[in-house]
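Peer 1: Could you have a look at this structure, given as structure tokens, before my questions?
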Amino acid sequence: MEKARVYRNPCVTVDAIIEMDGGIVLIQRGKEPFKGMWALPGGHLDYGESLENAVARETFEESGLMLEELRQVHAYSDPGRDPRGHYISVTFTGKASGTPRAGDDANYVRIFHLDALPPLAFDHAGMIRDYFIWKAGQKSI
């Protein structure tokens, strides 16, 4: 009898880059890694869930905002980008509605102007930079 193969696959997460009221929506993380630091709303893809549904769900859970007209911006796959292990994160943008309110594992939600962004968790500063490059050319980076 042949042994079953065990595969070590990366985890998949999603992050939302939301422009609102002249700034970018960020959440303050309520748990490790990077507890207390600011980050883009996002989280893990659930089994059987699409990337689009995951980013809409995570955004609502953490910020209270509803996302529509989703557009995929970029995927980040550097094996060292997350201290928990090999994570692939896919960024999206979309039209947000609602009033920002912290929920789930977010302590706070706030809109930061680009010239006043705090230090960010993970590689989220690069994600925001790449988003504006993508937005300027409306193409994949």
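Any read-out appearing in this document is the output of simple, stated calculations on the displayed coordinates, not a laboratory observation. Quick caveat: nothing in here was measured; it's all calculated off a predicted structure. Please note: Cβ atoms are built from the backbone with ideal geometry, for glycine as well, and neighbour counts cover all protein chains shown.
Peer 1: Please enumerate, by chain and number, the lysines with C-alpha under 20 Å from the C-alpha of LYS135, excluding those fewer than 8 residues away in the same chain.
Peer 2: Cross-link targets: LYS95.
Peer 1: Also, quick follow-up: To the nearest 10 degrees, how steeply does helix 124-137 sit against the main Cα axis of the chain, on a 0 to 90 scale?
Peer 2: Roughly 70 degrees, rounded to the nearest 10.
Peer 1: Right, another one. Could you tell me how many degrees, from 0 to 90 and to the nearest 10, lie between the Cα long axis of helix 51-63 and the main elongation axis, the longest principal axis, of the Cα atoms of the chain?
Peer 2: That helix lies at roughly 50 degrees to the long axis.
Peer 1: About its Cα centre, how strong a charge dipole does the chain have in debye, to the nearest 20, once Lys and Arg get +1 and Asp and Glu get -1 at the Cβ?
Peer 2: Once rounded to the nearest 20, the dipole reads 320 debye.
Peer 1: For the stretch 11-136, what class follows from the C-alpha gyration tensor (a ≥ b ≥ c being the square roots of its eigenvalues): rounded when a/c is under 1.5, otherwise prolate if a/b is larger than b/c, else oblate?
Peer 2: In terms of gyration-tensor shape, rounded.
Peer 1: So for the stretch 11-136, taking the charge dipole from beta-carbon charges (+1 Lys/Arg, -1 Asp/Glu), which of LEU45, HIS113, VAL25 sits furthest toward the positive end?
Peer 2: The one lying farthest along the dipole's positive direction is HIS113.
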